[in-house]
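Input: a single structure, listed below in structure tokens.
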Amino acid sequence: MALDTSIPVLIIDDYQTMLRIVRNLLRRIGFTDVDEARDGREALEKLKARPYGLVISDWNMAPMTGYELVQQVRAHPMLQKLPFIMVTAEARPENVIAAKQAGVDNYIVKPFSAETLQAKVSTVLGFTGS
């Protein structure tokens, strides 16, 4: 079974450059349906308006952080099982633990490659083949 790269993906980051980098990395591994949001509030609105198959969110944003966003997603009955990857420049163990406790499915530390992103996405989406 191949990784389903046709699923819609929502990427969230307050830096346009990072949105562009993640979008390009996703394209490189085959994803074509990628939407963007600039913060957690905008992302939550988009998540309630359209079904997504994966969320990739930065941690540090205002006015709603990625951490607060994942808490909102996990508390929402229609969104609670949505695969969620947190991206951050923070590699501190306590942040990884907090993110996992909040409900993220995986965690990526910046900077990262297309290969790292593909491995994390494959793990989160349950793909184990080659």
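General remarks:
- Scanning the stretch 113-125 for residues that are open to solvent by less than 50 Å² (accessible area, probe 1.4 Å) and touching a helix residue (DSSP H, G or I) at 6+ places or on another chain (Cβ under 9 Å) yields a total of 4.
- The condition of being modelled with pLDDT of 95 or more, under 24 Å from Ala2 (Cα atoms) and basic (Lys, Arg) holds for only one of Lys46, Lys120, that being Lys120.
- Checklist (1) over 21 Å from Gly103 (Cα atoms); (2) in a helix (DSSP H, G or I); (3) in contact (Cβ under 8 Å) with a residue 12 or more places away in the chain applied to Leu47, failing item: (1)
- For the stretch 50-102, the set of residues classified as among the small types (Gly, Ala, Ser), in a loop (DSSP other than H, G, I, E, B) and more than 16 Å from the chain's Cα centre (by Cα) consists of Ala62, Ala91, listed by residue number.
- Residue list for the stretch 1-18, restricted to those being among the aliphatic types (A, V, I, L, M) and either assigned to a strand (DSSP E or B) or within 23 Å of Trp59 (Cα to Cα) (or both): Ile7, Val9, Leu10, Ile11, Ile12, Met18
- Boolean, Glu68 is among the acidic types (Asp, Glu), more than 23 Å from Asn24 (Cβ to Cβ) and in contact (Cβ under 8 Å) with a residue 12 or more places away in the chain: yes
- Neighbours by Cβ (under 6 Å, 6+ apart or cross-chain): first from the stretch 22-34, within 15 Å of Ile85 (Cα to Cα) and touching a residue at least 12 places away in the same chain (Cβ under 8 Å); second in a helix (DSSP H, G or I) and open to solvent by less than 80 Å² (accessible area, probe 1.4 Å): Leu25/Ala114; Leu25/Leu117; Val34/Arg23; Val34/Leu26
For every residue, the table says whether it meets (1) buried (at least 18 other Cβ atoms within 10 Å of the Cβ); (2) touching a Ser or Thr at 6+ places or on another chain (Cβ under 9 Å).
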position	(1), (2)
Ser6	no, yes
Leu19	yes, no
Gly30	no, yes
Gly40	yes, yes
Arg50	no, no
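- The number of residues in the stretch 88-112 being at pLDDT 95 or above and exposed (fewer than 13 other Cβ atoms within 10 Å of the Cβ) comes to 0.
The values are calculated or read from the model by the stated rules, or taken from the named source; none is laboratory data. In this text, all values refer to a predicted model and were calculated from it rather than measured experimentally. Heads up, the Cβs are rebuilt from the backbone with ideal geometry, glycines too, and the neighbour counts pull from every protein chain shown. Heavy atoms of the whole protein, side chains included, go into the accessibility calculation; ligands, DNA and RNA do not. Shrake-Rupley method; radii C 1.70, N 1.55, O 1.52, S 1.80 Å.
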